[in-house]
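Student: Handing you this structure, nothing more for now.
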Amino acid sequence: MRTPTPFESRVYEALTQIPRGRVTTYGLLAVYLDCGSARAVGQALRRNPNGPRVPCHRVVRADLSLGGYAGATAGATWRRKHRLLEQEGIPIEGNCVASREYLYDFS
């Protein structure tokens, strides 16, 4: 297993602040980390060696669609993200978190 970069470590630490039953977006996480790149956050999440203990499943797209999970956007791996969120009490409608009330913004 490879050692996370300093940036990845910052991303993973920030993830631990998102409470169970809440989600954040790639963009909000990028703003919180002052990195300016939601894409860089997504790439770090893709390499998360400690999911779901480090809850990368709690990060969704700005439009509240689920986005990817562990590099997958479909199939069994992606369905796991859907299942993990529902197990935390987050309602999913279609491919999206049902309401912005579940959004955590680090403020």
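Quick note: the coordinates plus some simple rules give every number you see, no bench work behind them. The structure displayed is predicted, hence computed values, not measured ones. Note that each Cβ is placed from the backbone with ideal geometry, even for glycine, and that neighbours are counted across all protein chains shown.
Student: Could you tell me which of the residues SER37, SER65 is surrounded by fewer than 17 Cβ atoms within 10 Å (Cβ to Cβ), touching a strand residue (DSSP E or B) at 6+ places or on another chain (Cβ under 9 Å) and of a type in the set (Ser, Thr, Tyr)?
Tutor: Just a single option satisfies the conditions, and that option is SER65.
Student: Any residue that is surrounded by fewer than 19 Cβ atoms within 10 Å (Cβ to Cβ), in contact with a Gly (Cβ under 6 Å, 6 or more places away or on another chain) and among the basic types (Lys, Arg) - is there at least one of those in the range 40-52?
Tutor: So far as the range 40-52 goes, yes, one or more of its residues are surrounded by fewer than 19 Cβ atoms within 10 Å (Cβ to Cβ), in contact with a Gly (Cβ under 6 Å, 6 or more places away or on another chain) and among the basic types (Lys, Arg).
Student: Give the range 1-20 a look and list any residue that's among the charged types (D, E, K, R) and either under 17 Å from LEU66 (Cα atoms) or assigned to a helix (DSSP H, G or I) (or both), or say none.
Tutor: Matches in the range 1-20: GLU8, ARG10, GLU13, ARG20.
Student: Something else: Kindly indicate which of VAL60, VAL97 is out of contact with any Lys or Arg (no Cβ under 8 Å at 6 or more places or on another chain), closer than 21 Å to ARG10 by Cα and buried (at least 19 other Cβ atoms within 10 Å of the Cβ). Outline the logic, then answer.
Tutor: Values: VAL97 fails: closer than 21 Å to ARG10 by Cα.
Within the list VAL60, VAL97, the selection yields VAL60.
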